[in-house]
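For reference, the structure is listed below as structure tokens.
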Amino acid sequence: MSQFDLDAYLRQCRSQVEAALDRYLPQQYPDKLYEAMRYSLLAGGKRLRPILCLTSCRMCGGSAELALPTACALEMVHTMSLIHDDLPAMDDDDYRRGKLTNHKVYGEDMAILAGDALLAYAFQLIAEKTVGATPERIVEVLGRLGKAASGAGLVGGQVVDLESEGRTIALETLEYIHTHKTGALLEVSVVSGAILAGADGGVVERLTRYSRCIGLAFQIRDDLLDISATQAELGKTAGKDLRDRKATYPSLLGYDGALERAEQLREQAVAELADFGESARPLTALAEFIVQRRH
Ligand code: GRG
């Protein structure tokens, strides 16, 4: 079996996504609003959600072009959630993706509105620009994306996260937060690509299980990366203090336990792809990337 070049694959997908985002969201009137939307949308990032969507669409026999509007819409919802998450009323962050946060540059009012406009436009984009899928499939994708963004998804996860601040929480609550805040959008990213390509119910179920595993693994990796970053910055002792303040997988399972859990989840995710043979190599490699990534 020849080696799959994940770096080259990620580069190629990213440049396709970046070009499409720029094209789908041109600068226009009102100037400040669109500048604020484009500032965060075109600020880089791994583009993991659109890449998962394009990849599962291809694996299920569709073209990347078929999934491109949905892939970009997913990145718009993700970006809006980051803009709102960074606001003073939420995480109150000054930097994101190596740049000043949206509200630091454009003000809180414009950051809220830029997020709102990105969220609404994401749905418009899927409805207007998807070519080659039946209306039923497009409606299904719209419904699933709506659910992933709603109180049953990102917003619900964020609320429980806010309510848990400063409290001791059980592993169950931590899993609720992450499956909703992070997992829901990753899941619809994988599944929507498959739906657009016409995948049957069995395939959608297997990909749902795959994405639940990578969603949790993604979060565990995030927690582990946080520890490394904190230790590098503040030294071991200060890192421990910070860990103790907020429940994370390593604080609940121990560092090695969390590593082991991420590895088990990767194996489970890959096992769900067994029937797809060679065509599953990109999704297999993406599961590995999620568990081993350095940022
Ligand atoms: C969706 C309507 C709606 C509202 C948003 C603020 C909020 C409600 C939710 C917060 C969601 C949030 C910030 C989740 C964290 C997601 C996460 C893991 C972000 C980091 O993702 P990466 O590593 O980031 O993929 P890059 O920058 O690479 O894209």
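Taken together, the values in this text are just the output of simple stated rules run on the coordinates, not laboratory data. Everything numeric in this text was worked out from a predicted model, so none of it was measured. Using ideal geometry, Cβ is built from the backbone for each residue, glycine included, and neighbour counts are taken over all protein chains shown.
A few notes on this one:
- Single unsatisfied condition, ARG23 versus (1) outside any helix (DSSP H, G or I); (2) among the basic types (Lys, Arg); (3) more than 16 Å from the ligand (Cβ to nearest atom): (1)
- The set of residues from the range 149-174 being in contact with a Leu (Cβ under 9 Å, 6 or more places away or on another chain) and exposed (fewer than 12 other Cβ atoms within 10 Å of the Cβ) comprises ALA170, LEU171.
- Subset of the range 22-45 [within 23 Å of the chain's Cα centre (by Cα) and of a type in the set (Phe, Trp, Tyr)]: TYR24, TYR34, TYR39
Conditions (1) of a type in the set (D, E, K, R); (2) within 28 Å of GLN158 (Cβ to Cβ), marked per residue:
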| site | (1), (2) |
| --- | --- |
| GLN3 | no, no |
| LEU6 | no, no |
| TYR29 | no, no |
| MET37 | no, yes |
| LEU66 | no, no |
| ASP85 | yes, yes |
| HIS103 | no, yes |
